[in-house]
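Presented below is the structure to which this report refers.
The values are calculated or read from the model by the stated rules, or taken from the named source; none is laboratory data. Since this is a predicted model, take the numbers as computed values, not measurements. We place every Cβ from the backbone using ideal geometry, glycine too, and count neighbours over all the protein chains shown. Just the protein is used for accessible areas: all its heavy atoms, side chains included, with ligands, DNA and RNA removed. Shrake-Rupley method; radii C 1.70, N 1.55, O 1.52, S 1.80 Å.
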Amino acid sequence: MAYIDPGSTARPFSTRTGATATVAGLATGIVLTVVVAGIALASSDYDAEAPTGPGAYVGRVVRERLIDQVDATAPGFPLWLIAVLQIPLWVGLLGAPLAVARREGATLRELFGLRFERSDVAVGMVAGVLTQVVVVPLIYLPLFWLLGDRDLSQEARALTDKAGSPIGVTLLVLVVLLGAPLVEELFFRGLVLRSLESDGRLGPFAVTAGSAVVFGLAHLQILQFPALVAFGVVAAVLVHRYGRLGPAIWAHVGFNLVTVVALLAA
């Protein structure tokens with residue numbers, strides 16, 4: 001019998017349907033993002049070789065702050081364009097669960113547990129912030145021992161210059177604190193997690209770990225992969241514990257909030 005966590009209020013659906021939608025959603029989002037990014041590159045002088053995801057900026061700032069290793073390479077796209085590039089990605093990530101819901105004749109609330117309660121804000125924010133400020137540093141602690149302390153240089157301060165414009169900051173906040181938590185939790189802890197739950201061969205541990213690894217891999221950021229997997233585990237546990245996406249969405253907000261503050265304060 002398939003594993004479905006006992007606290008869930010979501011309706012089960014077939015693993016095959018979920019897997020197909022997951023692959024299609026990721027592929028569609030990535031292809032659309034590449035197309036839009038290609039248009040931006042063709043009409044500008046942005047550096048195609050530089051990292052272009054929000055995680056790339058954050059990873060560099062965190063690396064400099066925590067292990068004092070300076071990466072003086074100039075970022076590629078400005079933050080406002082990075083924020084805009086999330087929209088085509090979200091077309092795929094949001095379109096996939098919507099397509100499954102339509103196929104199953106159900107709402108996102110019924111199929112994926114997309115609902116909220118008042119307690120979700122406190123529970124989720126605390127979980128997300130603690131994951132970022134406690135769990136993530138512990139994961140990366142071996143890097144401190146391996147690389148030791150190094151002096152920061154002036155070039156490091158230039159990495160966050162592109163966040164200085166009001167438009168860039170506003171779009172970054174809207175994308176990272178509002179859009180990403182909702183869209184990504186619906187996709188990864190809604191569609192992906194529920195698809196794995198529907199597989200009769202997988203238990204709670206495999207479901208949690210599997211959804212967290214998919215979440216980490218989908219971001220295409222090697223440096224951030226361990227931290228993303230750790231958060232994916234926390235978010236999955238919250239979904240299992242409360243049977244809805246609300247706490248995980250607020251945990252995502254809290255997790256990203258620490259990142260945004262660190263980025264803008266750098």
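Things worth noting here:
- Residues satisfying the stated conditions in the range 235-258, i.e. surrounded by fewer than 23 Cβ atoms within 10 Å (Cβ to Cβ) and β-branched (Val, Ile, Thr): Val237, Val253, Val258
- Single residue of the range 162-217 satisfying the filter (touching a residue at least 12 places away in the same chain (Cβ under 8 Å) and not in a helix (DSSP H, G or I)) that is farthest from Leu93 (Cα to Cα): Ser165
- Answer from Ala96, Ala122 - the residue that is modelled with pLDDT of 90 or more and open to solvent by less than 40 Å² (accessible area, probe 1.4 Å): Ala96
Here is a yes/no grid of residues against (1) open to solvent by 20 Å² or more (accessible area, probe 1.4 Å); (2) within 24 Å of Val253 (Cα to Cα); (3) within 13 Å of the chain's Cα centre (by Cα); (4) at pLDDT 80 or above:
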| position | (1), (2), (3), (4) |
| --- | --- |
| Val133 | yes, yes, no, yes |
| Asp149 | yes, no, no, no |
| Leu182 | yes, yes, yes, yes |
| Glu185 | no, yes, yes, yes |
| Gly190 | no, yes, no, yes |
| Gly210 | yes, yes, no, yes |
| Gly216 | no, yes, yes, yes |
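Quick grid of which residues meet (1) modelled with pLDDT under 90; (2) over 19 Å from the mean Cα position of the chain (by Cα); (3) part of a helix (DSSP H, G or I):
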position	(1), (2), (3)
Thr17	yes, yes, yes
Thr33	yes, no, yes
Val36	yes, yes, yes
Ala40	yes, yes, yes
Ala48	yes, yes, no
Gly59	yes, no, yes
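- Within the range 218-233, being part of a helix (DSSP H, G or I), open to solvent by 40 Å² or more (accessible area, probe 1.4 Å) and out of contact with any His (no Cβ under 8 Å at 6 or more places or on another chain) holds for Pro226, Val233.
- Those residues of the range 115-136 which are closer than 23 Å to Ala227 by Cβ and of a type outside the set (A, V, I, L, M), in sequence order: Asp120, Gly124, Gly128, Thr131, Gln132
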